[in-house]
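Undergrad: Structure provided below as C-alpha cells; questions to follow.
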Amino acid sequence: MTDKLPEKRKFRRYNTDVKIYFDFAYDLETKVEFEVLDKKQLQSVSEKYQAIGQNVSVEGLCFVSLQEVQNDDLLHLEVYLPSAKDPIHMQGAVIWCKTVLTPPAQDAPGERKDQKSYHVGVRLITVGGVPVHESVHYDEEYQVYWSNALESIFGNYKMLMGEKYKKRSK
C-alpha cells in the first residue's frame, strides 16, 4: 500500500484540456512564450522560449517546455488563447521544474533518442500588470476561489468564442 503525500497546493487546479469550471467544456490548449527576467531591472536576460500551457489556478500556471528553468527564476509570460490575436501578459516566479522524458524519437533508421521536456510550475505575480494576490476572492455564487489569473484565461476565452460559447453552454 502506498502512503498518500499531503497536498501542498493552496488552490484547486483547472486542467486546460478537459472539462473546466462548471459546464465549461472546451479544449483550451494555450500557447505560452516566456523569457527569464533580471530580478532587479525586470529586463529580459534570455531569448523567448515556447511552451504549452497545462493548467491554471487562482495563483499559478503550469506549462511544458523544452527549455529548463530554475527555481526562483522570474519569468515574463505571454499566454495565447486559441484564435486570440493578442497575448495575455503575465509575470511569475518559477516554484518548480521537473524533467520529463518524452517518448523516444527516431532521428535516423535504427537510431532512437530520448528528448527531455520540462513541466514548470509558476506562481503568478501579475496579470496584465495587476497583482494576482490582490485579486483573489471567494465567489459565493459559484463557491470557488477566483482571481484575475483565472478571469484572464476563462473570461477572454468566453468572449473569443462568442456565439459558439452560448451554443455549447446550453
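Rule-based calculations on the coordinates, nothing more; no lab input. Fair warning: this is a prediction, and the values are worked out from it, not measured in the lab. In this analysis, Cβ positions are derived from the backbone assuming ideal geometry, glycine residues included, and neighbour counts consider all displayed protein chains.
Undergrad: At 7 Å along Cα-to-Cβ for each site, give me the label-to-label distance between residue 142 and residue 96 in nm.
TA: 2.5
Undergrad: Separate question: Which order do the peptides 37-44, 124-131, 50-57 take when ranked by the mean count of other beta-carbon atoms within 10 Å per residue, highest first?
TA: Ranking, from highest mean packing down: 50-57, 124-131, 37-44.
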